[in-house]
Amino acid sequence: MVAIRLTRVGRRNVARFRLVAVDSSKSAKASPLEYLGAYDPTSKNESKLTGVKKERVEHWMKHGAQVSDTAKRLLTKAKVI
């Protein structure tokens, strides 16, 4: 089963996150199936979610991907889903 969730990148105390599609049975550090976007919590923009591939998010959801609670909240706020 595929999951759409956030994975942490960046250095200590400067967190950045990537929105990824990943096999849900693997760890959060496993290599993702596809990168879908980025989230920067320190950004000054209203929508801190950037570079989202809307078509690919919809593709994975159509094929049964489960979206994590945090990813769902961010995607809804950015009007992707």
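The values are calculated or read from the model by the stated rules, or taken from the named source; none is laboratory data. In this text the structure is predicted, and so the values were computed from the model without any measurement. Every residue, glycine among them, receives a Cβ derived from its backbone with ideal geometry; neighbour counts consider all protein chains shown. SASA here: full protein model, heavy atoms, side chains in, ligands and nucleic acids out. Shrake-Rupley method; radii C 1.70, N 1.55, O 1.52, S 1.80 Å.
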## Note on the structure
Per the filter on the stretch 36-81, residues hydroxyl-bearing (Ser, Thr, Tyr), surrounded by 13 or more Cβ atoms within 10 Å (Cβ to Cβ) and over 10 Å from residue 5 (Cα atoms) are 39, 43, 47, 50
### Qualifying residues in the stretch 13-31 (those that are within 12 Å of residue 3 (Cα to Cα) and open to solvent by 40 Å² or more (accessible area, probe 1.4 Å)) - the one nearest to the chain's Cα centre (by Cα)
28
### Message
Just to be sure I understand the filter: pairs with C-beta atoms under 8 Å, separated by 6 or more residues or on different chains, first member in the stretch 1-27 and without any contact (Cβ under 8 Å) to a residue 24 or more places away in the chain and over 16 Å from residue 80 (Cβ atoms), second member polar (S, T, N, Q) and in a strand (DSSP E or B). Which pairs pass?
### Response
22/7
### Task
Go through 78, 71, 38 for me and flag whichever is out of contact with any helix residue (DSSP H, G or I) (no Cβ under 8 Å at 6 or more places or on another chain) and without any contact (Cβ under 8 Å) to a residue 24 or more places away in the chain.
38
### Message
Among the residues of the stretch 17-49, what is the count of those that are acidic (Asp, Glu) and in contact with a Gly (Cβ under 7 Å, 6 or more places away or on another chain)?
### Response
0
### Test: residue in the stretch 9-16 that is farther than 14 Å from residue 74 by Cα and either part of a helix (DSSP H, G or I) or of a type in the set (Ser, Thr, Tyr) (or both)
no
### Query
In the stretch 1-12, how many are farther than 15 Å from residue 67 by Cβ and within 13 Å of the chain's Cα centre (by Cα)?
2
